[in-house]
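Following: one structure in structure tokens, then a few remarks.
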Amino acid sequence: TDASAIYKRYIALHPKDPQAVLFNIRILEAYEKGRYAKLTLEAKEQFVSQFHFNQAYWRRDETQALKAQVEPYLKKHMQELARHYHAVAQKSKDPADYTIAEKWYRLFVDIFTDDALAPSMHFLMAEALMESNQIEKAAGEYEVTAYKYNEHAKAAEAGYAAILAYAGLEKSSSSERRKNHWRERSIDNALRFSERFPEDKRASIVLTSAAQSLFRDKDYAEAINVAY
């Protein structure tokens, strides 16, 4: 803690210095070696919040060479923070804990969109939103997870989850206009799912359901197209 206090003092006096981010990493290492769980968690939050790549700290020429050195730490600690608060939320069921988990998941996928871990982090964010009953937001994030990225392990699962979420929104809506809106989204996603994942065993099921919805809406021509 004495070592960390000195590093913190330097960072407070010289927050824009290229050494500041490296000293912050040393603070984390010191807390981890000392097995200070609470201080380590707080230091991770402070480190990621202050030094993630969207911060002004990185817009100066003298910091650019540091990015490759710091990136693995940012990725690691963002993942740990997101999963920590997600686990906390699953126990507490507190919406505030889910909000914190979402914040860290979203920061990761916004900054590291092209990273191999981005799809799984995006999927977990959608799961957290669904668990906290933010179904509309969850549906949108499932859809993005399924179709934004190149092929990945959670793509089909996310696509199917989006269909179910939109169907749930349709069922729970009291307004006929909103019901129609969510039914259209569910049908659109069913068609998209079957096109993107034709070999998935659920593809025929969602197409059948979409055809039935179109038939009930008396959109007979489209129902025939989908059924075939």
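The values are calculated or read from the model by the stated rules, or taken from the named source; none is laboratory data. Note that the structure is a prediction, hence the values are computed from the model and not measured. Cβ sites come from the backbone with ideal geometry, for glycine too, and all protein chains shown count toward neighbours. Note: areas computed on protein heavy atoms with side chains; ligands, DNA, RNA excluded. Shrake-Rupley method; radii C 1.70, N 1.55, O 1.52, S 1.80 Å.
The residue list 168, 159 contains one member that is touching a Lys or Arg at 6+ places or on another chain (Cβ under 7 Å) and modelled with pLDDT of 90 or more, which is 159. The numbered conditions (1) of a type outside the set (S, T, N, Q); (2) part of a loop (DSSP other than H, G, I, E, B); (3) at pLDDT 85 or above are all true for residue 218 except (3). Could you tell me whether region 28-41 includes any residue that is surrounded by fewer than 20 Cβ atoms within 10 Å (Cβ to Cβ), within 17 Å of residue 111 (Cβ to Cβ), modelled with pLDDT under 95 and out of contact with any Phe, Trp or Tyr (no Cβ under 9 Å at 6 or more places or on another chain)? Within region 28-41, not a single residue is surrounded by fewer than 20 Cβ atoms within 10 Å (Cβ to Cβ), within 17 Å of residue 111 (Cβ to Cβ), modelled with pLDDT under 95 and out of contact with any Phe, Trp or Tyr (no Cβ under 9 Å at 6 or more places or on another chain).
Taking every residue in region 18-29 that is farther than 12 Å from residue 66 by Cα and pairing it with any residue that is of a type in the set (S, T, N, Q), at least 6 positions away or on another chain, the pairs with Cβ-Cβ distances below 6 Å are 27/4. For region 119-170, the candidate set comprises residues that are of a type outside the set (Gly, Ala, Ser) and not in a helix (DSSP H, G or I); within that set, the residue that is least open to solvent (accessible area, probe 1.4 Å) is 149. Looking at 14, 52, just one residue is closer than 26 Å to residue 106 by Cα and without any contact (Cβ under 8 Å) to a residue 60 or more places away in the chain, and that residue is 52.
Among all residue pairs at least 6 apart or on different chains, which show Cβ distances below 6 Å where the first residue, located in region 113-135, is β-branched (Val, Ile, Thr) and the second is assigned to a helix (DSSP H, G or I) and surrounded by 18 or more Cβ atoms within 10 Å (Cβ to Cβ)? Note: pairs meeting the criteria are 135/165; 135/169.
Being part of a helix (DSSP H, G or I) and either of a type in the set (A, V, I, L, M, F, W, C) or buried (at least 23 other Cβ atoms within 10 Å of the Cβ) (or both) is a property that residue 116 lacks.
Please go through region 42-65 and pick out each residue that is of a type in the set (A, V, I, L, M) and at pLDDT below 95.
First, pick out the residues of region 42-65 that are of a type in the set (A, V, I, L, M): 43, 48, 56, 65.
Scanning region 42-65 gives 43, 56, 65.
Within region 67-87, the set of residues being in contact (Cβ under 8 Å) with a residue 40 or more places away in the chain, closer than 14 Å to residue 24 by Cα and open to solvent by less than 20 Å² (accessible area, probe 1.4 Å) comprises 70, 77.
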